[in-house]
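The values are calculated or read from the model by the stated rules, or taken from the named source; none is laboratory data. Please read these numbers as outputs of a predicted model, since none were measured by experiment. Here Cβ is always computed from backbone atoms with ideal geometry, including for glycine, and neighbour counts include all displayed protein chains. Just so you know, the surface numbers come from the protein's heavy atoms only, side chains and all, with ligands and any DNA or RNA stripped out. Shrake-Rupley method; radii C 1.70, N 1.55, O 1.52, S 1.80 Å.
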Amino acid sequence: VQLQAFGGGLVQVGGSLRLSCAGAGRVSSSVSIGWFRQAPGKEREFVATIRRSGGATYYADSVKGRFSISKDAAKNAVYLQMNSLKPDDTAVYFCASTYGPTSTYWDASMYRDWGQGTQVTVSS
């Protein structure tokens, strides 16, 4: 199973985008789905994760209050609503799944089912 991220694009500073993660319904209901991003020359960075069971959410400090992760069980999708975008948010965004505990949500090596990412570019 690969989880495909889409919905990226070019947006001005302060704008919004909503990313979608397709394929979440094909992974076990016991996993959590997370969003990561990777800017050129940088390591993959944790953004947010949501538990498919219960819906608890977790965020990186850099996006708290601006980004919101959610799920739609009927559509088997997970979303990342990004508001008040900044140039530092420019990156390729990926979604992936994890069976790991909460304490490992920040760790990309604990995730699987990576698919192609979607480019988000924030222009100033």
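Figure the gain on full extension for Ser124 and Ser16 (residue separation times 0.36 nm, minus the Cα-Cα span) and round it to one decimal in nm. Don't jump to the answer; show the numbers that get you there.
Values: separation 108, 0.36 × 108 = 38.88 nm, distance 1.36 nm.
Once the chain is fully extended between Ser124 and Ser16, it gains 37.5 nm.
Rg then Dmax, both in Å and based on the Cα atoms of the chain: 13.2, 40.
For the range 53-124, the Cα-based Rg and Dmax, in that order, read 13.1, 38 Å.
Percent relative contact order of the range 6-63, based on C-alpha pairs within less than 8 angstrom and at least six residues apart? Provide the component values of the computation, followed by the final result.
Working: 67 pairs, mean separation 13.1, N = 58.
It comes to 23 percent, rounded to a whole number.
Multiplying the residue separation of Asn83 and Lys64 by 0.36 nm and subtracting their alpha-carbon distance yields 5.8 nm. Probing with 1.4 Å while keeping every protein chain in the model, the per residue accessible area of the chain equals 50 Å².
Tally up the carbon and sulfur contribution to the accessible surface of the range 48-98 as a whole percent, 1.4 Å probe, everything protein left in place. Write out the running numbers ahead of the final one.
Values: 1000 of 2260 Å².
Taking all protein chains in place, the range 48-98 shows 44 percent carbon and sulfur surface.
Largest first, the residues Tyr105, Tyr59 sort by 1.4 Å accessible area into Tyr59, Tyr105. A simple charge model with +1 on the Cβ of Lys and Arg, -1 on the Cβ of Asp and Glu and nothing else charged puts the dipole of the chain at about 280 debye relative to its Cα centre. Our summary gives the chain a relative contact order of 36 percent, counting only alpha carbon pairs under 8 angstrom and 6 or more residues apart.
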